[in-house]
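Student: Here you go, one structure.
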Amino acid sequence: MRPRFALGALPALLVLCLASSLTACGIDSTGPINAGAPASGLPAPGGHPAAAVHVYFSSPLGLERVSRPYRGPDTLQAAVDRLVAGPDPAERSRGLVSFIPPGTPAPAAVTRERDLADVYVPPHWTANPTALRQLVCTTADAVALSHGTRPQEARIRLHRPEGGEANTEECASP
């Protein structure tokens, strides 16, 4: 009968230990503590230039956003230029690749409105769907960074050298 008694007392003993550990931890209640300025992110539109641009490379999991240091006036063209340059050695070692062939000239990119950019694709630029998605998402991210919106809200008009109607694209969640 003793084993039954020991098993029956076990839950009560656990509750007692748990209650005492929660109430006797020795930490006094405190209020807010001054610890400096609050966290801050990238500057608001119209403020100082961004400290980074973002480019999108391909991985086995889909497109991945990569930050590149940059301080300058034209974040849109800087982002496109860095995309065309391809992943650096550290990014390649993480499995990131670009479907934009090496040596490809960078498209010209211009912001027209708060949520609209025109991208002029050079002749003989790749028609690979992943490469175009990399370009659209990189451009949308740069537009959003410059104007304080979200990349999903930006519209990107792709102009082909052969003319015709420009295609308006959006960056769905990469």
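The values are calculated or read from the model by the stated rules, or taken from the named source; none is laboratory data. For clarity, every value in this text was computed on a predicted model and none was experimentally measured. A quick note on method: Cβ atoms are made from the backbone with ideal geometry, for glycine too, and the neighbour counts reach across all protein chains shown. Only protein heavy atoms, including side chains, enter the accessible area calculation; ligands, DNA and RNA are left aside. Shrake-Rupley method; radii C 1.70, N 1.55, O 1.52, S 1.80 Å.
Student: Scan segment 118-130 and report the pairs whose first residue is farther than 13 Å from S98 by Cα and whose second residue is open to solvent by 30 Å² or more (accessible area, probe 1.4 Å) and basic (K, R), with Cβ atoms within less than 6 Å and a gap of 6+ or a chain change.
Tutor: D118/R112; D118/R157; V121/R160
Student: Separate question: Do you know which residues across segment 99-136 are closer than 16 Å to E153 by Cα, out of contact with any helix residue (DSSP H, G or I) (no Cβ under 6 Å at 6 or more places or on another chain) and in a strand (DSSP E or B)?
Tutor: R112, E113, L116, D118 - these are the residues of segment 99-136 that are closer than 16 Å to E153 by Cα, out of contact with any helix residue (DSSP H, G or I) (no Cβ under 6 Å at 6 or more places or on another chain) and in a strand (DSSP E or B).
Student: Quick check on R82: is it among the charged types (D, E, K, R), surrounded by 15 or more Cβ atoms within 10 Å (Cβ to Cβ) and on the phi < 0 side of the Ramachandran plot? First the steps, then the outcome.
Tutor: Values: among the charged types (D, E, K, R): yes; surrounded by 15 or more Cβ atoms within 10 Å (Cβ to Cβ): yes; on the phi < 0 side of the Ramachandran plot: yes.
So R82 fits the description; yes.
Student: OK, next. Taking V97 as meeting all but one of (1) modelled with pLDDT of 95 or more; (2) open to solvent by 10 Å² or more (accessible area, probe 1.4 Å); (3) closer than 22 Å to T168 by Cα, write down the number of the exception.
Tutor: V97 satisfies every listed condition except (3).
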